[in-house]
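Worksheet: one structure, shown below.
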Amino acid sequence: MITAMKSELSKASRSIRGVLWGRRAQKTKMLVLGRSLSDGLLAKLVIYLLLSIVAYLYLQPILYMVSTMFKNMSDLLDPTVKWIPREITWENISKALKGLQYPEALRNTALISVTCSLVQVIICAMTGYALARLALPFKGLFTALIILTFLIPPQVIIIPLYVIFSKLGLLNSLFVFLIPALFGQGLKGALFILIFRQFFKAQPPSLEEAAKLDGASTARLFFGIMLPLARSACLVVFLFSFIWYWNMYYEPSMFLTKGFTPLSIRLDMLEEVLNPSLLGNTRTIVNPITESTKMAAAFFIILPPIIVFMFLQRWFVSGIERTGIVE
């Protein structure tokens, strides 16, 4: 009997020790991780790790540009210098700003991008609303033609456009981009019309019916009710249009050959501006252009769109979700 009692006591003591060790292990686990794994901390760590890797992949070119534009010639030729230069050089930035003629080129690029983007937002919104809500004849045919214009490459129509603008005396001016935007055929205009068409088709018809009962006209219905509801779509279209106008090169290289030139053309003319001797008969390079100068020029070209996106990214992402582009 005494032996049985001893065995029972030993079993009880082992169970108590097991419970105590289990609680101690749980406390240790909570101290290490901060909370139990059931709360999803491990999943959050994995998500943050993946997001950090993706962010580095996107930021790596910009980091490389920033690192390279501060390097001198010796650091460029030294294979041991990867990210941090031995000596920071500011001369490349001054040369890049001078070669780009940055204030004038920035003004020209901003004027083209902002003006044409605002015009495209209004015109494409009106066209998309008409295709989505109004009872127009041959509306399906018009939609198919708009999609067809989106599929046609710009190189096909560039020569007729050049001839038309040349006869009208509009070359080297803002109007070569503003006039197509006024007719809904600016840069990627067909895509923006389809975005607005999809957005307005998703709106409930009760909004229009209530306004029509109050005697609202079509113009008042669009500008007073539907367009304010499409703020998210307008922001998405504006940012897309702004970025595409800012980065375009082919169209300005054809229509803007002198005077009114944007940053994309000035980057191509960087060597000629900093080395006027290349424009003559001699090929003597007085001030050679290094990779650091080119990287500094490219960085100052992409800097304004990055700043714009940093301030508007929150509304941009939510606008994409509301317009249904992800579908």
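The values are calculated or read from the model by the stated rules, or taken from the named source; none is laboratory data. Please read all numbers here as calculations on a predicted model, not as lab measurements. Note: ideal-geometry Cβ built from the backbone for every residue, glycine included; neighbour counts use all protein chains shown. Please note that ligands, DNA and RNA were not included when accessible areas were found on the heavy atoms of the full protein model with its side chains. Shrake-Rupley method; radii C 1.70, N 1.55, O 1.52, S 1.80 Å.
Mind listing whichever residues of region 136-151 are at pLDDT 85 or above and not in a helix (DSSP H, G or I)? Passing the criteria: PRO137, PHE138.
In the list GLN120, GLN155, GLN198, which residue meets the criterion of being assigned to a helix (DSSP H, G or I) and touching an Asp or Glu at 6+ places or on another chain (Cβ under 9 Å)? Result of the check over GLN120, GLN155, GLN198: GLN198. Could you tell me which numbered condition LEU97 fails, if it satisfies all but one of (1) farther than 30 Å from ARG266 by Cβ; (2) at pLDDT 85 or above? Only one criterion is unmet by LEU97, namely (1).
Taking each residue of region 31-50 that is open to solvent by less than 90 Å² (accessible area, probe 1.4 Å) and looking for partners that are modelled with pLDDT of 50 or more with beta-carbon atoms closer than 6 Å, six or more apart or interchain, yields LEU33/LEU41. When residues in region 60-96 are screened for being within 13 Å of LYS294 (Cβ to Cβ) and either in contact with a Ser or Thr (Cβ under 9 Å, 6 or more places away or on another chain) or among the hydrophobic types (A, V, I, L, M, F, W, C) (or both), 9 of them pass. Scanning region 216-232 for residues that are open to solvent by 60 Å² or more (accessible area, probe 1.4 Å) and farther than 13 Å from LEU134 by Cα yields ARG220, PHE223, LEU229, ARG231. For THR109, the requirement of being touching a residue at least 24 places away in the same chain (Cβ under 8 Å), among the polar types (S, T, N, Q), under 30 Å from GLN203 (Cβ atoms) and part of a helix (DSSP H, G or I) is not met. The single condition among (1) within 22 Å of TRP315 (Cβ to Cβ); (2) open to solvent by less than 20 Å² (accessible area, probe 1.4 Å); (3) of a type in the set (Val, Ile, Thr) that VAL176 does not satisfy is (1).
The single condition among (1) open to solvent by 50 Å² or more (accessible area, probe 1.4 Å); (2) in contact with a Ser or Thr (Cβ under 9 Å, 6 or more places away or on another chain); (3) within 24 Å of LEU131 (Cβ to Cβ) that LEU191 does not meet is (2). Out of the residues in region 143-172 that are among the polar types (S, T, N, Q) and under 21 Å from ILE123 (Cα atoms), state the one that is surrounded by the most Cβ atoms within 10 Å (Cβ to Cβ). Filtering region 143-172 for residues that are among the polar types (S, T, N, Q) and under 21 Å from ILE123 (Cα atoms), the one surrounded by the most Cβ atoms within 10 Å (Cβ to Cβ) comes out as THR143.
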